[in-house]
Amino acid sequence: MPPDETIFPVSTKAHADLYRMLPGIDELLRHPALVTEVARHGQAIVVVAARSVLDQLRAAITTGTLDERSMPAVLDGIPPAISREIAKRLAVSLRPVINASGVILHTNLGRAPLSAAALDHVREVSSTYSNLEFNLDTGERSKRDVHADRLFARLLSAGREVASVVVNNNAAAVMLALNSLAEGGEVIVSRGELVEIGGSFRIPDVMSKSQAILREVGTTNRTRISDYKKAINDRTRLLLRVHRSNFQIVGFTEQPSLEDLVKLGRERGIPVMEDLGSGAFFDLGRVGVEGEPTVSRSLRAGVDIVTYSGDKLLGGPQAGIISGDPALVARIRSNPMFRALRVDKMIYAALEATLLAYVREDYGSIPALQFLRVSPEELRARAIALKQQLESAGGISVDAVPCATAIGGGAAPGATVPSFALSVEVAGKSADGLASELRRGDPPIVGRIEEDRLLLDLRTVWPGQDRQVAEAILGLSRK
Ligand SMILES: *Cc1c(COP(=O)(O)O)cnc(C)c1O
C-alpha cells in the first residue's frame, strides 16, 4: 500500500480529484458568456463573482454535497452561476416600494415622495454646472441661500420681513439655531414639550449638545405664562416652544398662547423660537385635519425663529428650514457650524421646484399633499374595483374596507383622514406571513396589520400601482 493512502483518508483523495476538476479563473474568463460579462461590467467584478462561485463549489465538495456524478452538470452551470452572482453584486439596495401602510409621511419609507417638477429640476441643475453660488448679473460669488430664500419670503408673507436658511434636516436646524442664539445661556421650555421625536432626537439632549442650558418650567400637563416669567433671568437667551409631534396631552391641560409667549419675549427682549416639526405651508383644515399649525401662523403671531422639515408636510426633499427675523437668521447663518450642515445643489433644486408649486397653488402636483387630498369616495371606488378583479381567484379573500390613514412625520398627532383599504386573507396563511411575502416581492409592498388582518391602505398608493398590487395579491395564493 503506498504510504500516502495510509496518511490521507480515501475521501480526501476523492475531494482533491474533484477540486482539480474545477476550472481556473483564467479558463473561465475565456468562456464566451463571461467574455460578454467582462465587456459589460469590467473584469474586476467578474473575477470577484467567479471566485465566490468557485469558493461555494469547493465548500460543497468539502462537505460532501457535491460528488463525482453531479460534477459535469455543475461545471456546465458555473458561467450562469457567475452571471447571477454578478447581477446580485451589482443590484441596488435602495429601491422603490409601494406604500400601503396608511402613513403618508413614513420616515422609514423616505417620507415625502418628490414631485415630477422637483425631479426634473434636480436632473436639469445637477447634471451640469449651475449658478449655485454665482451671481450671473455681476459675475461675482453669491450665496446658495438666495434660491430658496426668495420663495420662502414670498410664501411666508407674514406682514413682516422673513429670511430663511436651509440645512440638512430639522434636527440640524434646531441644533444650529439653539447653538447660534443660546450657547452658554439658558433656554426656557415647558415640561410638557420635552419630547422625543423618534430615533434619538430628544429635546434635552439636543439642548446640551447645542451648548445651551435647558430651563424647564411648568408641569407635564399645565404650563402658564407666569411660569416662563418667573424663570427669566439675565442668563436667559431664548423662549422655546416645541411641537409635540407624535404625542398629545389631553384632559386638564394649559399652555400659553404663542401671542402671550411673544408678548413676554418682547417685553424682556428675549427671542422666541418654535420648533414646528412638520412645518405646514398648506392649511390642513382644508382636508378636515384640525390643529396643525402652519409656518405662516407662527410667524404672524410674532415668533422670531421657526424651524421645520422639508420632507414632512412641505412635501419636498429632506431638509431643515430656519425662517424668521432677518437679523437672527443672519446670526444663525454666520455660525461656522452652518458650513457643516448646509445642503447640496440637488436639495436646493428640489426645494425650489416644490416651493414654486406652492406659489402657483398647484397643490395637486406635490405627492404628499395629493395623497392627503384624494377623496375617500375615489379610494373606495378603486378598492371595490380591485376586490372585483380579485374575487374570482381561488384561495384568496379580498374585501374593500373603510380605514384611517395617519399623516405621520409628527404632524397633527392622533389625527387621521378617512381612507379605504383592501383587507386580504389567504386560506392557511397568517396576516404576518402575507405581509412578509408582500414585503419581499418585486416591487415590495408595505401594508399594515390591524386586528389580525392584512390591510393595504390605498391612500398612499398611486392609482397606476393598483395593477401591481393586484398581481402581488394573486401571487400570494400561488406560493
Ligand atoms: C420631525 C421633527 C424633528 C426632526 O426633524 P427631521 O427633519 O427628522 O430632522 C424635530 N422636531 C420636531 C417637532 C419634529 O416633528
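The values are calculated or read from the model by the stated rules, or taken from the named source; none is laboratory data. Keep in mind that what you see is a predicted model, and the values were worked out from it rather than measured. Cβ coordinates were reconstructed from backbone atoms using ideal geometry, including for glycine residues, and neighbour counts include every protein chain displayed.
Structure values in brief
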quantity	calculated
Residue count, the range 258-284 (criterion: within 35 Å of the chain's Cα centre (by Cα) and free of Cβ contacts under 8 Å to residues at least 24 places away in the same chain)	1
Subset tally (residues that are within 18 Å of the chain's Cα centre (by Cα) and of a type in the set (S, T, N, Q)) for the range 408-467	1
Residues located in the range 307-332, provided they are among the charged types (D, E, K, R), within 15 Å of Val174 (Cα to Cα) and crowded, with 18+ Cβ neighbours inside 10 Å	none
Criterion violated by Leu132 - all others in (1) in a helix (DSSP H, G or I); (2) away from the ligand (no atom under 16 Å from the Cβ) satisfied	(1)
Elements of type helices (runs of 4 or more DSSP H) contained in the range 1-78, each with 3 or more residues being touching an Asp or Glu at 6+ places or on another chain (Cβ under 7 Å) and at pLDDT 90 or above	43-62
Unique residue being closer than 14 Å to Ser164 by Cα and at pLDDT below 95 when the list is Gly279, Gly288	Gly279
Matching residues in the range 310-343 - criterion: being more than 16 Å from the ligand (Cβ to nearest atom) and part of a loop (DSSP other than H, G, I, E, B)	Asp325, Ser334, Asn335, Pro336
Scan of the range 277-309 for residues that are within 13 Å of the ligand (Cβ to nearest atom), in contact with a Lys or Arg (Cβ under 9 Å, 6 or more places away or on another chain) and not in a loop (DSSP other than H, G, I, E, B), ordered by number	Gly277, Ala280, Ser298, Ser309
Residue within the range 416-426 that is under 20 Å from Gly291 (Cα atoms) and β-branched (Val, Ile, Thr) present	yes
Qualifying residue in the range 220-236 (condition: aromatic (Phe, Trp, Tyr), more than 16 Å from the ligand (Cβ to nearest atom) and surrounded by 15 or more Cβ atoms within 10 Å (Cβ to Cβ))	yes
Among residues of the range 421-440, those that are in a strand (DSSP E or B) and either in contact with a Phe, Trp or Tyr (Cβ under 9 Å, 6 or more places away or on another chain) or surrounded by fewer than 24 Cβ atoms within 10 Å (Cβ to Cβ) (or both), counted	3
Answer from Ser101, Ser93 - the residue that is free of Cβ contacts under 8 Å to residues at least 40 places away in the same chain and hydroxyl-bearing (Ser, Thr, Tyr)	Ser93
Residue match in the range 446-464 (condition: touching an Asp or Glu at 6+ places or on another chain (Cβ under 8 Å), small (Gly, Ala, Ser) and crowded, with 16+ Cβ neighbours inside 10 Å)	yes
In the range 261-276, residue surrounded by the fewest Cβ atoms within 10 Å (Cβ to Cβ) [restricted to those that are away from the ligand (no atom under 13 Å from the Cβ) and under 11 Å from Ser298 (Cβ atoms)]	Val262
Filter result (of a type in the set (S, T, N, Q) and under 24 Å from the mean Cα position of the chain (by Cα)) within the range 328-361	Thr354
Residues of the range 361-392 satisfying the condition of being hydrophobic (A, V, I, L, M, F, W, C) and in contact with a Ser or Thr (Cβ under 6 Å, 6 or more places away or on another chain)	Ile366, Phe371, Leu379
Answer from Leu105, Leu66, Leu94, Leu54 - the residue that is closer than 30 Å to Phe420 by Cβ and crowded, with 18+ Cβ neighbours inside 10 Å	Leu105
Contacts under 6 angstrom Cβ, first residue in the range 222-249 being on the phi < 0 side of the Ramachandran plot and assigned to a loop (DSSP other than H, G, I, E, B), partner hydroxyl-bearing (Ser, Thr, Tyr) and surrounded by 16 or more Cβ atoms within 10 Å (Cβ to Cβ), 6 or more apart	Thr223/Ser190
Residue in the range 142-165 that is small (Gly, Ala, Ser), part of a helix (DSSP H, G or I) and surrounded by fewer than 18 Cβ atoms within 10 Å (Cβ to Cβ) present	yes
Enumeration of residues in the range 250-260 that are away from the ligand (no atom under 16 Å from the Cβ) and either surrounded by 14 or more Cβ atoms within 10 Å (Cβ to Cβ) or assigned to a helix (DSSP H, G or I) (or both)	Glu254, Pro256, Glu259, Asp260
Residue under evaluation Gly394, criteria (1) at pLDDT below 95; (2) within 30 Å of the chain's Cα centre (by Cα), criterion not met	(2)
Test result for Ser245, under 16 Å from Ala173 (Cβ atoms) and either touching a Pro at 6+ places or on another chain (Cβ under 7 Å) or away from the ligand (no atom under 12 Å from the Cβ) (or both)	yes
The range 382-421: number of residues that are more than 16 Å from the ligand (Cβ to nearest atom), over 14 Å from Ala470 (Cα atoms) and hydrophobic (A, V, I, L, M, F, W, C)	5
Qualifying residues in the range 172-201 (those that are within 11 Å of the ligand (Cβ to nearest atom) and at pLDDT 95 or above) - the one farthest from Leu239 (Cα to Cα)	Ala172
